[in-house]
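Working notes, beginning with the structure itself.
The values are calculated or read from the model by the stated rules, or taken from the named source; none is laboratory data. Please read all numbers here as calculations on a predicted model, not as lab measurements. Counting neighbours? That spans all protein chains shown, and the Cβs are built from the backbone with ideal geometry, glycine included.
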Amino acid sequence: MTDAPGSMGPVLSVRRVTKRYGDALAVDDISFDIDAGEVLTLLGRSGCGKSTTLRIVAGLEHPDSGSVHLRGKVVVSTADGIFVAADKRNIGLVFQSYAVWPHMTVEQNIGYPLKIRGWGRNESRARIEEVADMVGLSAFLDRQATQLSGGQQQRVALARALIHEPDLLLLDEPFSNLDTELRSELRFQMKHLQDRLGMSVLYVTHDQIEAMDLSHRVAVMYEGQIQQLGTPRDIYETPANFFIQRFVGKILTFDGTVAARDESAVTVDLGEGVAISLPSEDRELAVGVTVRLTTRPEDVRLGSDPGTAELAIPARIGEVSYLGHQQDCKLLCPGGENTLSAPKATELSPNDTVTLVLDPAKVRIWPWRSA
């Protein structure tokens, strides 16, 4: 398990997979690959089809159509009537529930996959100790698994999934039952472990931070389809549609109408006598089209003196929430209401008039139908 991302052919290939539950289309004709040593995350809200996709890869669900290849071997092909059972696919699987066996010790839990594969006691013990050391459980091997904390139990589940050196590790919301601090700690450990072992991983989560931090690539899913597949930077910086930009990270939005355009720019009327000009060669943005402008909060500053290459939008502060490390300000702006964080030392009060300074290059324009 020492492959670097892309150093070999795909470990996993999913091709045109579809799954229905009655009239509900859970997975809609999706395809993707995972290279050796790569972490690919399926990111999306509950019900988007990400866990169903993982279960199809794991062999826990039969797709209605499509194929799955693991290490070049066909494990699912609806066209050819092939379906390899889950226990024959050489995968490791970790769910959000810890799924430890309460009647077993930590050592017995971790070593169970070796037991059913017929490993000898001495050989198994050496491998168990090696994997337990990787996940920080060496001191707990003789304890009953249910005597451990939630985070430790999840490490037991991870060690059990890794013990037989699977071709692919499947992780389905593995940290969602843990508190915020512990999730952050285990995320760091998981990232270190993946780097060390070069594991190929299919990760499922609704948590954007986990997806951005752990993944080489992210597939954002919505209504059973992959809306965009790319690096975390691609997903965040160049979202394919408004849904992705709104879902991944925070945004400010301003609604308006295209009032004028030329070959390289459009002028958007935000109402209240405010109009701004933005670079755009999109010919769909014709005069009269309703649009939504979006930008990231980190690309906006409060100030009264915008530079010549910046945009200025007036706003009135509706309310201020003091959060200790920062202040969150509700802003009443032409084009809509927004919330912007400001340093805690900034003097801000309700009804104050402020200026939002925007970088035109960081503002995206979406036709209203995309919203």
Identify, from the list Arg301, Arg246, the residue that is within 33 Å of the chain's Cα centre (by Cα), modelled with pLDDT of 90 or more and either small (Gly, Ala, Ser) or surrounded by 14 or more Cβ atoms within 10 Å (Cβ to Cβ) (or both).
-> Arg246
Looking at the stretch 34-44, is at least one residue assigned by TED's automatic domain parsing to the domain that holds Ser124 and surrounded by fewer than 19 Cβ atoms within 10 Å (Cβ to Cβ)?
-> no
Given (1) within 28 Å of Met212 (Cα to Cα); (2) in the same structural domain as Lys362 (by TED's automatic domain parsing); (3) charged (D, E, K, R), number of the condition Arg233 does not satisfy | (2)
Within the stretch 156-183, which residues are modelled with pLDDT under 85 and either assigned to a helix (DSSP H, G or I) or not assigned by TED's automatic domain parsing to the domain that holds Arg89 (or both)?
-> Thr180, Glu181, Leu182, Arg183
Go through the stretch 56-95 residue by residue and tally those that are touching a helix residue (DSSP H, G or I) at 6+ places or on another chain (Cβ under 9 Å) and either over 19 Å from Ile163 (Cβ atoms) or not in a helix (DSSP H, G or I) (or both).
-> 16
Quickly run through the stretch 147-163 and pick out the residues that are surrounded by fewer than 18 Cβ atoms within 10 Å (Cβ to Cβ) and under 30 Å from the mean Cα position of the chain (by Cα).
-> Ser149, Gly150
Members of the stretch 109-128 found to be part of a helix (DSSP H, G or I), surrounded by 16 or more Cβ atoms within 10 Å (Cβ to Cβ) and either of a type in the set (D, E, K, R) or free of Cβ contacts under 8 Å to residues at least 24 places away in the same chain (or both), listed by number = Ser124, Arg127
Yes or no: Val363 without any contact (Cβ under 8 Å) to a residue 40 or more places away in the chain and either under 33 Å from the mean Cα position of the chain (by Cα) or loosely packed, with under 15 Cβ neighbours inside 10 Å (or both)?
-> no
Look at the stretch 22-55 and say how many of its residues are aliphatic (A, V, I, L, M) and assigned to a helix (DSSP H, G or I).
-> 1
So which of Thr353, Thr295, Thr339, Thr257 ends up being surrounded by fewer than 16 Cβ atoms within 10 Å (Cβ to Cβ), within 22 Å of Phe243 (Cα to Cα) and not assigned by TED's automatic domain parsing to the domain that holds Tyr236?
-> Thr339
One residue from Ala4, Ala79, Ala58 being modelled with pLDDT of 95 or more and over 18 Å from Ile91 (Cα atoms) | Ala79
Looking only at the stretch 132-146, and only at residues there that are part of a helix (DSSP H, G or I) and surrounded by fewer than 21 Cβ atoms within 10 Å (Cβ to Cβ), the one that is nearest to the chain's Cα centre (by Cα) = Met134
Restricting the search to the stretch 56-108, which residues are without any contact (Cβ under 8 Å) to a residue 60 or more places away in the chain and of a type in the set (Ser, Thr, Tyr)?
-> Ser65, Ser67, Ser77, Thr78, Thr105
Helices (runs of 4 or more DSSP H) within the stretch 197-286 that include 3 or more residues over 23 Å from Thr339 (Cα atoms), out of contact with any Asp or Glu (no Cβ under 9 Å at 6 or more places or on another chain) and in contact (Cβ under 8 Å) with a residue 12 or more places away in the chain | 208-214
